[in-house]
Every structure is written in structure tokens, then in C-alpha cells.
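Visitor: Please see the structure below; I have some questions.
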Amino acid sequence: MDLRILTVPGDGIGTEVTHEAVRVLERVCSRYGHQLHLTEALLGGIAIHKTGNPFPEETRKLALEADATLMGAVGLPEFDKMPPDKRPEKGLLGIRKALGVYANLRPVRTYSALIDSSPLKNHLVEGTDMIIVRELTGGIYYGTPRGITGEGTQAHAVNTMAYTYDEIARILRMAFQLARGRRKKLTSVDKSNVLECSQLWRKVVLEIAPEFPDVTLDHLLVDNCAMQLVLNPRRFDVLVTENMFGDILSDEGGVLAGSIGMLPSASLGDRRPSGAWVGLYEPVHGSAPDIAGQGKANPLGAIGSVAAMLEYSFGLKKEAAAVNAAIEQVLNSGRVTADLKPKGTPATTGEVGAAVCEAI
Ligand code: NAD
């Protein structure tokens with residue numbers, strides 16, 4: 001298979017972890033006989049330095065041409081005081097919008113080698129394996145009217161939560177399809193006892209569910225869901241929810257796995273005629289200026305994002321499974337970075353990347 005991939009390393013540890021993720025991609029392609037065509041583009045702080053724009057036109061063009069995009073992270077402390085339009089993070093929103101990715105997927109699983117670094121008791125968290133699917137382009141973060149009027153004690157703020165039938169239906173269909181490829185269980189999360197948006201959400205779920213008779217559906221109110229994630233995380237297979245609820249629940253789910261450096265993510269848009277999803281893949285973490293350039297960054301979130309890319313954008317399930325198995329093998333070997341608190345000397349970013357390649 002031909003894999004045309006754009007890499008966007010970005011800033012700080014983004015460049016370090018992307019370097020290792022690319023090594024893993026190269027290893028997978030040579031091991032399984034695929035042709036890898038890589039291009040690289042600028043995004044974030046480095047793009048501002050080189051072009052004055054956090055999301056240069058050239059990056060937009062290359063992202064639209066590629067089969068899939070692999071991103072590191074953006075953000076540099078020197079831009080922290082700049083207005084939102086001049087900040088590296090503007091590039092992130094720009095590339096997501098340009099690709100039309102409307103679903104954010106965060107796989108959350110616990111590895112037995114890391115069970116002690118979870119904040120939950122081992123018996124609660126052991127065996128957790130879920131995907132949180134968050135609607136990414138609608139809801140209260142985008143709805144209008146919005147803003148603050150008045151001053152002092154007369155100030156008044158408003159935000160608007162809004163969803164259309166179609167926005168809800170497309171993400172639900174994606175979530176049902178993902179569930180179908182896993183343990184066939186979908187949990188839809190809403191606040192339909194209070195919000196009209198959630199009442200429409202639940203109505204759409206019930207209308208679409210008959211298209212997927214093989215998937216078991218249940219509903220949870222978001223407050224109960226927040227509780228169930230820590231009381232009984234194993235009960236979840238695929239969890240789907242709207243933008244703001246997903247923002248909050250996916251961070252809660254993320255900490256179950258131990259370190260932020262472990263967490264991959266995939267942002268998906270429409271399906272191509274081939275059946276593959278348009279996708280943007282990135283670790284959940286940021287550019288971590290505190291450890292950048294020191295070889296301390298854990299590359300496993302970025303490498304896990306490669307596994308997600310192989311599965312969702314290319315349908316290469318065997319190759320994705322090989323990457324995930326290699327991650328597990330490296331964790332079991334104890335050759336891990338400092339954030340995972342190894343018993344001996346921590347491995348460097350490059351050593352972990354090399355160990356994953358070796359295991360593949
Ligand atoms: P961060 O995720 O960069 O770092 C938080 C903490 O986790 C730090 O102590 C860091 O050292 C540690 N950490 C993060 N990733 C790690 C890894 N792979 N291995 C080991 N330790 C790791 O979050 P932050 O400090 O809040 O943000 C730093 C910059 O990153 C900011 O400019 C922020 O805007 C940006 N950011 C970007 C993204 C993105 O590009 N998707 C996401 C979050 C934050």
C-alpha cells in the first residue's frame with residue numbers, strides 16, 4: 001500500500017516525539033511491505049518564526065493533499081503573552097478546521113506494567129480499554145451569540161450551545177461503527193434531563209440505533225458518567241458525547257492510564273471513497289517546554305497515534321496491532337522514560353523509539 005503522510009512536528013518535544021513516531025512508521029512499512037511517502041510542514045511557533053503565520057498556506061495545501069497527518073505539539077513560552085491570533089495554538093485550530101475533522105477519539109487503556117501509576121486502585125482500573133469519542137466542531141465552544149457585555153457589577157456573559165440533527169447524526173454513526181469493530185457496546189452521554197441540545201442528541205441516538213442492531217446501546221447523564229469513569233472504568237467500550245462534555249470526560253479518562261505522555265489521539269472527518277477516514281493524529285500532550293531538548297519526552301503517545309493512523313486512515317489493523325503490542329512489550333521491559341518512574345536509569349526518548357522499532 002502507498003502511505004502519503006504529512007508530518008508536522010511543531011514545537012518543543014513535538015519534534016522529538018514525532019521523530020520517534022516516524023522511525024516506527026518506517027519500521028512498520030519495511031516490515032509489512034508498504035511504500036511510505038513522507039513530507040514535512042511547519043505549524044505553530046516555528047511557523048511563526050519562519051513565515052510569520054502559525055498555519056502557513058503551504059501547510060494547509062500539504063495537509064489537504066496527504067492521506068493522513070501526524071502532528072507533534074505546538075506552543076512556545078515566548079508567545080504566551082501574544083493575542084490569540086498570533087499564538088502557535090492558532091495553527092492547531094487552523095489545521096483541524098482545514099481538514100474538517102469533527103470527531104476526536106481518545107483511546108484509554110491501562111497497561112499492566114503501568115498499573116501502579118494510575119491514581120485509582122489497581123483492581124478498579126485493571127483491564128480498562130475504551131475509546132472516548134468527542135464531537136469537535138459544534139456545541140458551546142462555537143455557538144453564537146457569545147460574549148461579555150457591560151462592566152463591573154453590571155457585566156453579563158453569554159455562550160450558546162447549539163447542535164443540528166446532522167452534526168449529531170454523523171458523529172453517532174462514526175461511534176456506532178467504531179463500537180462494531182470492538183466489543184459492540186456504545187454509551188451515549190448527555191444531560192437530557194436539563195438541556196434541549198441533549199434532548200435532541202438522545203432523540204437522534206434512538207433514531208440511528210436501529211441501523212446498528214448488533215451494538216448494545218446505553219445512555220448516561222454526564223454527571224453520572226463522570227462518576228462511573230472512576231468507579232467502574234471497565235464498563236465502557238465506546239463512549240460518545242458532545243464537545244464540552246467530551247473535553248472534560250476525556251481528560252478524566254486520560255489520567256486513568258498514568259502519564260499524559262502515554263496518550264494518543266485521532267481526529268477524524270468524513271470517509272474517503274476508499275472507506276478510510278480523513279485523519280489528524282497527535283499525542284494528547286503539549287510541547288512541554290520544561291523538558292524540551294533534553295531527551296526526556298515519552299514518545300509512546302505519539303507512537304500510539306501512529307497505530308491509530310494505520311488503523312483508521314489506512315485500515316491496516318494488523319500493523320496497528322503490531323505497534324500496540326510493541327508498546328506493551330517495551331513497557332514490560334522497563335526501558336521507559338522518567339515520567340513512568342522506571343526502577344533503574346530512565347531511557348531517553350530515542351532509546352524508547354528504538355526499542356519499539358526493535359519489538360516490531
Ligand atoms: P504539556 O502537556 O506540554 O505539559 C504538562 C506536563 O506534562 C509537563 O510537566 C510536561 O513535562 C509533562 N509532559 C507532557 N508530555 C510529556 C511527555 N511526552 N513525556 C513526559 N512528560 C510529558 O502542557 P502545558 O505545560 O500546559 O503546555 C505547554 C505548551 O503546550 C503550551 O504552550 C500549551 O499551549 C501547549 N499545548 C499544546 C497542545 C497541542 O499541541 N495539542 C496541547 C496542550 C498544550
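The values are calculated or read from the model by the stated rules, or taken from the named source; none is laboratory data. Note that the coordinates shown come from a computational prediction; the quantities given were computed from them, not determined experimentally. Every residue, glycine among them, receives a Cβ derived from its backbone with ideal geometry; neighbour counts consider all protein chains shown. These area figures cover heavy atoms from the full protein model, side chains too; ligands, DNA and RNA do not enter into them. Shrake-Rupley method; radii C 1.70, N 1.55, O 1.52, S 1.80 Å.
Visitor: What number of residues within the stretch 111-135 satisfy the criterion of being open to solvent by 20 Å² or more (accessible area, probe 1.4 Å) and under 25 Å from residue 240 (Cβ atoms)?
Guide: 8
Visitor: Would you check which residues across the stretch 313-337 are open to solvent by less than 50 Å² (accessible area, probe 1.4 Å) and touching a Pro at 6+ places or on another chain (Cβ under 8 Å) and list them?
Guide: 334, 336, 337 - these are the residues of the stretch 313-337 that are open to solvent by less than 50 Å² (accessible area, probe 1.4 Å) and touching a Pro at 6+ places or on another chain (Cβ under 8 Å).
Visitor: Counting only residues that are open to solvent by less than 10 Å² (accessible area, probe 1.4 Å), give me the strands (runs of 3 or more DSSP E) lying completely in the stretch 1-86 with at least 2 of them.
Guide: Ranges flagged: 2-10, 68-73.
Visitor: Being within 16 Å of the ligand (Cβ to nearest atom) and either within 22 Å of residue 162 (Cβ to Cβ) or not aromatic (Phe, Trp, Tyr) (or both) is the filter here, so list the residues in the stretch 269-283 that pass it.
Guide: Once the filter is applied, which keeps residues that are within 16 Å of the ligand (Cβ to nearest atom) and either within 22 Å of residue 162 (Cβ to Cβ) or not aromatic (Phe, Trp, Tyr) (or both), the stretch 269-283 yields 279, 280, 282, 283.
Visitor: I'm checking my understanding of the structure. Among residues of the stretch 43-73 that are more than 14 Å from the ligand (Cβ to nearest atom) and either of a type in the set (A, V, I, L, M, F, W, C) or not assigned by TED's automatic domain parsing to the domain that holds residue 302 (or both), which one is nearest to residue 271 (Cα to Cα)?
Guide: 68
Visitor: Moving on. Answer yes if at least one residue in the stretch 111-131 is in the same structural domain as residue 184 (by TED's automatic domain parsing), under 22 Å from residue 278 (Cβ atoms) and of a type in the set (Val, Ile, Thr), and no otherwise.
Guide: yes
Visitor: Separate question: Can you pull out every residue in the stretch 324-346 that is out of contact with any Gly (no Cβ under 8 Å at 6 or more places or on another chain) and among the small types (Gly, Ala, Ser)?
Guide: Listed by number, the residues that qualify are 325, 326, 333, 338.
Visitor: Further, regarding this structure: When only residues in the stretch 241-259 that are assigned to a helix (DSSP H, G or I) and among the small types (Gly, Ala, Ser) count, which is surrounded by the fewest Cβ atoms within 10 Å (Cβ to Cβ)?
Guide: Among residues in the stretch 241-259 that are assigned to a helix (DSSP H, G or I) and among the small types (Gly, Ala, Ser), the one surrounded by the fewest Cβ atoms within 10 Å (Cβ to Cβ) is 254.
Visitor: Let me ask something else about it. Out of all the residues in the stretch 62-82, is one or more under 30 Å from residue 318 (Cα atoms), modelled with pLDDT of 95 or more and among the acidic types (Asp, Glu)?
Guide: no
Visitor: Is it the case that the stretch 277-289 has a residue that's more than 22 Å from residue 15 (Cα to Cα) and not charged (D, E, K, R)?
Guide: Checked the stretch 277-289: at least one residue is more than 22 Å from residue 15 (Cα to Cα) and not charged (D, E, K, R).
Visitor: Please work out which one of (1) more than 25 Å from residue 321 (Cα to Cα); (2) outside the structural domain of residue 279 (by TED's automatic domain parsing); (3) of a type in the set (D, E, K, R) is the condition residue 78 fails and give its number.
Guide: All conditions are met except number (2).
Visitor: Hey, among 106, 87, 4, 60, which residue is among the charged types (D, E, K, R) and farther than 29 Å from residue 251 by Cβ?
Guide: Result: 4 is the single residue among 106, 87, 4, 60 that is among the charged types (D, E, K, R) and farther than 29 Å from residue 251 by Cβ.
Visitor: Would you check which residues across the stretch 87-114 are within 13 Å of the ligand (Cβ to nearest atom) and part of a strand (DSSP E or B) and list them?
Guide: 104, 106
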